[in-house]
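A.B. asks: One structure, as structure tokens, below. Some questions next.
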Amino acid sequence: MFEEPEDSDEIDKDAPAEPADRAREKADYFRMHAELAAVFEGCRKFDSELQPGFDPELTRDIQRTIGRLEKSKTPESPILPEPSLADAAKLLDLPAARGVSNNDYHVYARPGESMVMRWLAGEQVESFYDRMQAHFNAGLNHYRQEERQASGWKQDPATQAYLDALDAIDLKMDDRYLRTYIRQHKLFVLSTHAADELDILFLADHLMGVDVVDLVGEASAPPDNPTDTDRAWFFKLFALRGMKDGQERMCFFTYLQKTEETFGDDW
């Protein structure tokens, strides 16, 4: 769920959801997981490498730029306004300008905090969307089958309406992430996803397939037999998308902080 949810103050949270709404919520759940998988699976599925020791000054400059971009857009739309376009273009062009490799995960870590940066360009962007669509389709189709097997025998209208609504979902990631508009109108788009507590071992071991020490540093890595607190990190992912020099590009910036730490002024 990269985009912020719509205001739901007027909705009775105790009321049963409409079948179509329940189906859309479930689809959004699988979309979120598909995006996380596509962002972080590079070391397992492609030739991406984890590159610790990224330049701290450049990292902080990227962090400040991302912060300005986030503040510049409205809650209603991930499309960046005109005054922010120069910052967005510069950030997408950073690999070419500073000799930073595309596709790899560049990490700057200090005790209790880690920042991970990844850039994609051209065919890498195409592969990213293909993978995200494949993850989404697999997750949703498996869930559809499970729901049909578990509840298909029920004859009540609400259950049948829910199953039919699940079957009717045909979500295309290119449309959902505004690719046509980005390419045709040269838009820059920034979307975010945050979690107060993310299992750092799930991110490192399951999604990325890397040693957690390389991701967060030896001082912050969970000990043997870690508790839930040891594994819990604040997580915020920024996805910047746009065109630069006629090429579709993406930049992912991930901010991680141990949950017991105090957030700094940057956020």
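The values are calculated or read from the model by the stated rules, or taken from the named source; none is laboratory data. None of the values given here were measured: they were computed from a predicted structure. FYI the Cβ positions are ideal-geometry reconstructions off the backbone, even for glycines, and counts take in every protein chain you see.
A.B. asks: Out of the residues in segment 43-60 that are out of contact with any Gly (no Cβ under 7 Å at 6 or more places or on another chain) and closer than 26 Å to ARG131 by Cα, which is surrounded by the most Cβ atoms within 10 Å (Cβ to Cβ)?
C.D. replies: LEU50
A.B. asks: Next question. Inside segment 94-129, can you point out the residues that are closer than 28 Å to PHE234 by Cα and among the acidic types (Asp, Glu)?
C.D. replies: Matches in segment 94-129: ASP104, GLU113.
A.B. asks: If you don't mind, another one. Within segment 170-196, count every residue that is outside any helix (DSSP H, G or I), under 15 Å from the mean Cα position of the chain (by Cα) and charged (D, E, K, R).
C.D. replies: Count: 1.
A.B. asks: What about PRO111, is it closer than 26 Å to MET208 by Cβ and either surrounded by 13 or more Cβ atoms within 10 Å (Cβ to Cβ) or of a type outside the set (Lys, Arg) (or both)?
C.D. replies: yes
A.B. asks: Then there is this: Evaluate the following for ALA221: is it within 19 Å of TYR29 (Cα to Cα) and either at pLDDT 95 or above or in contact with a Lys or Arg (Cβ under 8 Å, 6 or more places away or on another chain) (or both)?
C.D. replies: Working: within 19 Å of TYR29 (Cα to Cα): no; either at pLDDT 95 or above or in contact with a Lys or Arg (Cβ under 8 Å, 6 or more places away or on another chain) (or both): yes.
Answer is no for this residue.
A.B. asks: Can you tell me which condition TRP233 does not meet? The list is (1) surrounded by 14 or more Cβ atoms within 10 Å (Cβ to Cβ); (2) hydrophobic (A, V, I, L, M, F, W, C); (3) in contact (Cβ under 8 Å) with a residue 24 or more places away in the chain; (4) assigned to a loop (DSSP other than H, G, I, E, B), and all the others hold.
C.D. replies: That leaves (4) as the condition not met.
A.B. asks: Now a separate question. Give me the residue from segment 27-59 that is among the charged types (D, E, K, R) and touching a residue at least 60 places away in the same chain (Cβ under 8 Å) and, out of that set, farthest from VAL213 (Cα to Cα). Step through it out loud before you land on a result.
C.D. replies: Going residue by residue through segment 27-59, those that are among the charged types (D, E, K, R) are 28, 31, 35, 41, 44-45, 47, 49, 55, 57.
Next, from what is left, pick out any that are touching a residue at least 60 places away in the same chain (Cβ under 8 Å): 31, 35, 41, 44-45.
Values: ARG31: 29, GLU35: 24, GLU41: 17, ARG44: 17, LYS45: 20 Å.
If we take residues in segment 27-59 being among the charged types (D, E, K, R) and touching a residue at least 60 places away in the same chain (Cβ under 8 Å), then ARG31 is farthest from VAL213 (Cα to Cα).
For (1) among the acidic types (Asp, Glu); (2) at pLDDT 95 or above; (3) surrounded by fewer than 14 Cβ atoms within 10 Å (Cβ to Cβ), each residue gets a yes or a no:
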| position | (1), (2), (3) |
| --- | --- |
| MET132 | no, yes, no |
| LEU140 | no, yes, no |
| TYR143 | no, yes, no |
| GLN149 | no, no, yes |
| GLY152 | no, no, yes |
| THR159 | no, no, no |
| MET173 | no, yes, no |
| LEU187 | no, yes, no |
| ASP205 | yes, yes, no |
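A.B. asks: Restricting to segment 169-186, name every residue that is hydrophobic (A, V, I, L, M, F, W, C) and either in contact with a helix residue (DSSP H, G or I) (Cβ under 7 Å, 6 or more places away or on another chain) or within 19 Å of ALA34 (Cα to Cα) (or both).
C.D. replies: If the condition is that a residue be hydrophobic (A, V, I, L, M, F, W, C) and either in contact with a helix residue (DSSP H, G or I) (Cβ under 7 Å, 6 or more places away or on another chain) or within 19 Å of ALA34 (Cα to Cα) (or both), then ILE169, LEU171, MET173, LEU178 are the ones that fit.
A.B. asks: Would you say HIS106 is in a strand (DSSP E or B), of a type outside the set (Phe, Trp, Tyr) and within 18 Å of the chain's Cα centre (by Cα)?
C.D. replies: yes
A.B. asks: One residue is enough: does segment 80-90 have a residue meeting the conditions in contact (Cβ under 8 Å) with a residue 60 or more places away in the chain, under 16 Å from the mean Cα position of the chain (by Cα) and farther than 30 Å from PRO222 by Cα? Give the steps one after another, and end with the answer.
C.D. replies: Applying the first criterion (in contact (Cβ under 8 Å) with a residue 60 or more places away in the chain) to segment 80-90 yields 80, 84-85, 88-89.
Right, trim to under 16 Å from the mean Cα position of the chain (by Cα) and you get none.
Looking for residues that are in contact (Cβ under 8 Å) with a residue 60 or more places away in the chain, under 16 Å from the mean Cα position of the chain (by Cα) and farther than 30 Å from PRO222 by Cα, one finds none in segment 80-90, hence no.
A.B. asks: For a quick check of your reading of the model, give me the residue pairs whose first member lies in segment 209-226 and is over 14 Å from GLY53 (Cβ atoms), whose second is among the small types (Gly, Ala, Ser) and crowded, with 20+ Cβ neighbours inside 10 Å, with beta-carbon atoms closer than 9 Å and at least 6 apart or on different chains.
C.D. replies: The qualifying pairs are VAL210/ALA204; ASP211/ALA204; VAL212/ALA204; VAL212/SER220; ALA219/ALA109; SER220/ALA109; SER220/SER114; ALA221/ALA204.
A.B. asks: Here's something else I'd like to know. State whether one or more residues within segment 142-157 are assigned to a helix (DSSP H, G or I), among the aromatic types (Phe, Trp, Tyr), in contact (Cβ under 8 Å) with a residue 60 or more places away in the chain and out of contact with any Asp or Glu (no Cβ under 9 Å at 6 or more places or on another chain).
C.D. replies: Within segment 142-157, one or more residues are assigned to a helix (DSSP H, G or I), among the aromatic types (Phe, Trp, Tyr), in contact (Cβ under 8 Å) with a residue 60 or more places away in the chain and out of contact with any Asp or Glu (no Cβ under 9 Å at 6 or more places or on another chain).
A.B. asks: Please find, within segment 61-79, the residue that is surrounded by the fewest Cβ atoms within 10 Å (Cβ to Cβ) out of those that are farther than 21 Å from ILE182 by Cβ and in contact (Cβ under 8 Å) with a residue 24 or more places away in the chain.
C.D. replies: Per the criteria, the residue is ARG64.
A.B. asks: Quick one: which residue in ARG22, ARG44 is of a type in the set (D, E, K, R), assigned to a helix (DSSP H, G or I), farther than 17 Å from PHE252 by Cβ and modelled with pLDDT under 95?
C.D. replies: The unique qualifying residue is ARG22.
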